[in-house]
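The values are calculated or read from the model by the stated rules, or taken from the named source; none is laboratory data. Just so you know, these numbers come straight off a predicted model, no measurement behind them. Cβ placement follows ideal geometry from the backbone for every residue including glycine, while neighbour counts extend to all protein chains displayed.
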Amino acid sequence: MKTDLSRFGRGTQTLHAGRDPSANFGVVNPPVYHCSTVLFESVEELLETRRDRASGAYEGFTYGREGTATTRAFEDAVTLLEGGYRAVTTSCGLGAICASLTAFLSAGDHLLIVDSLYGPARAFCEDFLRKFGVEITYYRPSVGAGIEALIQPNTKVIYLESPGSLTFEMTDVPAITKIARARGIKTVFDNTWGSPVNFRPLEHGVDVSVNAATKYISGHSDLMLGIAVCTKEAFIPVKATASGSGYCGGPDDVYMALRGLRTLPLRMKQHHQSALTIAEWLQARPEVARVMYPALPSDPGHAIWKRDYDGASGLFGIVLNACTDKQFAAMLDHMDLFKLGYSWGGYESLVVPTYPSDLRSAVTWEAPGPSIRLHVGLEEVDDLIGDLERGFARLHAAA
Ligand SMILES: Cc1ncc(COP(=O)(O)O)c(C=O)c1O
């Protein structure tokens, strides 16, 4: 018999959600269904699944693209953690963003987007949504209740990401969702930084919470997957848009993401603890002009983070004091542990140079020197500090 998990803490829920050994020969983990075709016993059964799909219930399984019991196990687990109605799995995080936006937007509608959103999501809005007649306005991350002044009669969606990509500015989510709800505007939130263990967007009034499961949920840098957790009202449009647009996750990736999810709370605690130690160490370095990490008490977004979040991730930004391109490259080219790479959320540390000024339109980006994004992985923190220390020594030596 399935245990009622609602009375347990999130750490316990993460271990037990989305699996039912009693329905699976006692095996602890759910099976991986490799599937395109689903067979029906009769015309009546086939017609029943057509009705199920047409009504938007999506209870049964009809075709591989719409998911299998493996997908449902993953969706149920993330939904339990984030507190939504149901979730939709997509082939990657960007797919979950695109499906969630197109679910609620048509030609002639207006979309409000936070200025610090993930670059490829911005590119999707600029290159595709604009092409199909959606009007777009960017708002500053600190807008809060000031969002009201930007709303137009045709505003249909407000898109949020907090902290924002590259610059890590916090947005007051409840201040925005309160206004959006009152006006019937849908809100879509990118929760990849917080992850389902540190932030529950739907409890703060969001309609669709998107996670790039590619990052912390899977946690091992070996797959691409996205998931959109929805309110009851938002589920049908997002599910219909995702499956109608061809977004679906492969069975092995879904299984591995569910496997990764089991250790998410433990991993997040360590990412937070190590990142905070390193962020504080960086704050005291003469080469560093600014550390952008809302878990730092001195960060402008700290009060909002503390109010709404249960923890922080291992991802943050720094701005260096002015240095030459040669010095910057000397530092980043030879890191032993912080390897150069675009992703994050895995067990290992990463670094990438960032260029926030290329991706801002509502707020001008001002910085004395180049910027870096660090992902603090699960290595020992002294080893990571040593790696950064040697990087700064190379920067000076290249002067
Ligand atoms: C904040 C954020 N959201 C979404 C995505 C997109 O995820 P994916 O790479 O799985 O498409 C990324 C990827 O880097 C990201 O950083």
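Only one of 293, 255 is surrounded by 21 or more Cβ atoms within 10 Å (Cβ to Cβ) and out of contact with any strand residue (DSSP E or B) (no Cβ under 6 Å at 6 or more places or on another chain). Can you tell me which?
Values: 293 fails: out of contact with any strand residue (DSSP E or B) (no Cβ under 6 Å at 6 or more places or on another chain).
Sole residue among the options that is surrounded by 21 or more Cβ atoms within 10 Å (Cβ to Cβ) and out of contact with any strand residue (DSSP E or B) (no Cβ under 6 Å at 6 or more places or on another chain): 255.
Condition test on residue 374, is it surrounded by 14 or more Cβ atoms within 10 Å (Cβ to Cβ) and on the phi < 0 side of the Ramachandran plot?
Taking the combined requirement at face value, the residue satisfies it.
Taking the residues in region 250-276 that are within 16 Å of the ligand (Cβ to nearest atom) and among the small types (Gly, Ala, Ser) as candidates, determine which candidate is nearest to residue 99 (Cα to Cα).
250
Within region 30-51, how many residues are exposed (fewer than 15 other Cβ atoms within 10 Å of the Cβ), part of a loop (DSSP other than H, G, I, E, B) and out of contact with any Gly (no Cβ under 7 Å at 6 or more places or on another chain)?
So the count comes out to 6.
Only residues that are part of a helix (DSSP H, G or I) and surrounded by fewer than 16 Cβ atoms within 10 Å (Cβ to Cβ): list them for region 348-369, please.
Those that are part of a helix (DSSP H, G or I) and surrounded by fewer than 16 Cβ atoms within 10 Å (Cβ to Cβ): 357, 358.
Is region 124-134 home to any residue that is touching an Asp or Glu at 6+ places or on another chain (Cβ under 6 Å), more than 16 Å from the ligand (Cβ to nearest atom) and either in the same structural domain as residue 183 (by TED's automatic domain parsing) or assigned to a helix (DSSP H, G or I) (or both)?
Yes, that holds for at least one residue.
Given the options 239, 232, 215, 269, name the one that is over 30 Å from residue 396 (Cα atoms), among the basic types (Lys, Arg) and in the same structural domain as residue 375 (by TED's automatic domain parsing).
Unique residue meeting the criteria: 269.
I'd like the residue in region 186-214 that is more than 15 Å from residue 81 (Cβ to Cβ) and of a type in the set (D, E, K, R) and, out of all such residues, is nearest to the ligand (Cβ to nearest atom).
The residue in question is 190.
Is it true that residue 369 is over 28 Å from residue 173 (Cα atoms) and not polar (S, T, N, Q)? Let's see the steps before the verdict.
Details: over 28 Å from residue 173 (Cα atoms): yes; not polar (S, T, N, Q): yes.
Spelling it out, residue 369 is indeed over 28 Å from residue 173 (Cα atoms) and not polar (S, T, N, Q).
Look at residue 313 and say whether it is of a type in the set (Gly, Ala, Ser) and out of contact with any Asp or Glu (no Cβ under 7 Å at 6 or more places or on another chain).
For residue 313, the condition - of a type in the set (Gly, Ala, Ser) and out of contact with any Asp or Glu (no Cβ under 7 Å at 6 or more places or on another chain) - is met.
Does residue 101 meet the test of being crowded, with 24+ Cβ neighbours inside 10 Å, at pLDDT 95 or above, under 18 Å from the mean Cα position of the chain (by Cα) and part of a helix (DSSP H, G or I)?
Against the criterion (crowded, with 24+ Cβ neighbours inside 10 Å, at pLDDT 95 or above, under 18 Å from the mean Cα position of the chain (by Cα) and part of a helix (DSSP H, G or I)), residue 101 qualifies.
I'd like to know if region 144-156 contains one or more residues that are within 28 Å of residue 343 (Cβ to Cβ) and either in contact with a helix residue (DSSP H, G or I) (Cβ under 9 Å, 6 or more places away or on another chain) or modelled with pLDDT under 95 (or both).
There is no residue in region 144-156 that is within 28 Å of residue 343 (Cβ to Cβ) and either in contact with a helix residue (DSSP H, G or I) (Cβ under 9 Å, 6 or more places away or on another chain) or modelled with pLDDT under 95 (or both).
Residue by residue, here is whether (1) within 24 Å of residue 259 (Cβ to Cβ); (2) within 16 Å of the ligand (Cβ to nearest atom); (3) not charged (D, E, K, R) holds:
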position	(1), (2), (3)
63	no, no, yes
68	yes, no, yes
77	yes, no, yes
84	yes, no, yes
87	yes, yes, yes
102	no, yes, yes
106	no, no, yes
115	no, yes, no
121	no, yes, yes
